[in-house]
Each structure stands twice: as structure tokens, then as C-alpha cells.
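The values are calculated or read from the model by the stated rules, or taken from the named source; none is laboratory data. This is a predicted model, so every value here is computed, not measured. Calculation scope for accessible area: heavy atoms of the full protein, side chains included, ligands and nucleic acids excluded. Shrake-Rupley method; radii C 1.70, N 1.55, O 1.52, S 1.80 Å.
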Amino acid sequence: FNRSDVSFNNALIPSVSFNICLNLFASPILSLPYSLGTIYFQEVPNEVLAHALLLLAQKDREDEAWIEDVRQKVDEAKAQVARGEVLPLETVMAQLQDKFRQAREDRA
């Protein structure tokens, strides 16, 4: 493969060249921003794909952070249960019903 350094968002990122095949769904997506004049990349398909991969990596990091946050909350809830810090089922159900009711009213 052919390696070179490319600039993307003012950062030098090593690149690897390889051939890919796009399906009928992906191909127009790569050319649409360019044809609309809304894309500011020099090498349109390559940089669009690079940008998409960077966004995907960012989304993965955000997902991992969310999962860790949920794990911590579950651990905290387990500790509360172990200490006997629990609410009666009726109270929890009433709170959930209030949340759902409020969400429906907010959407309306």
C-alpha cells in the first residue's frame, strides 16, 4: 500500500491508499455535497470518507462514555439497594407515570 501524510482540519494524518467499492446508496452521498457546493474538501471522496471515519470514531468514544456513565449509575444503585435505600414500588411507579405524562404533554 501507499502511505503518505495528508492534512485534514490542520492536522497531519497518515493515510493508507486502497481501493474500495461503494454501493449505489453511498456513491451519490459522496458527490452530493460537492455538487451542492457545500463541501470544502480538496480531494472530495477521500476527505469525505476520512471525515466520516473521524465522526464515527467520535461517536464510538461518546458511546463508550455513555456506557461507562450507565455502569457507574448501576453500581451506585446496587450499593443503595445493599444499604437498604430503596423506595416503595408504588412511589416509583407514580414517578414513572408522572415522567411519561410530562413527556406526552411536552410533545403536544
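Looking at segment 69-97, which of its residues are of a type in the set (A, V, I, L, M) and either on the phi > 0 side of the Ramachandran plot or in a helix (DSSP H, G or I) (or both)?
Residues of segment 69-97 that are of a type in the set (A, V, I, L, M), as a first pass: 70, 74, 77, 79, 81-82, 86-87, 89, 92-94, 96.
Selection gives Val70, Val74, Ala77, Ala79, Val81, Ala82, Leu89, Val92, Met93, Ala94, Leu96.
Is it true that some residue in segment 35-49 is modelled with pLDDT under 95, hydrophobic (A, V, I, L, M, F, W, C) and either more than 26 Å from the chain's Cα centre (by Cα) or open to solvent by 90 Å² or more (accessible area, probe 1.4 Å) (or both)?
The first filter runs over segment 35-49 and keeps only residues modelled with pLDDT under 95, leaving 35-49.
Checking the rest, the ones that are also hydrophobic (A, V, I, L, M, F, W, C) come to 36, 39, 41, 44, 48-49.
From the residues that got through so far, the ones that are either more than 26 Å from the chain's Cα centre (by Cα) or open to solvent by 90 Å² or more (accessible area, probe 1.4 Å) (or both) too are 36.
So far as segment 35-49 goes, yes, one or more of its residues are modelled with pLDDT under 95, hydrophobic (A, V, I, L, M, F, W, C) and either more than 26 Å from the chain's Cα centre (by Cα) or open to solvent by 90 Å² or more (accessible area, probe 1.4 Å) (or both).
With the checklist (1) under 29 Å from the mean Cα position of the chain (by Cα); (2) open to solvent by less than 100 Å² (accessible area, probe 1.4 Å); (3) farther than 30 Å from Cys21 by Cα in hand, flag the one item Phe100 doesn't pass.
(2)
Conditions: (1) open to solvent by 80 Å² or more (accessible area, probe 1.4 Å); (2) more than 30 Å from the chain's Cα centre (by Cα). Trp66 meets all but one. Number of the miss?
(2)
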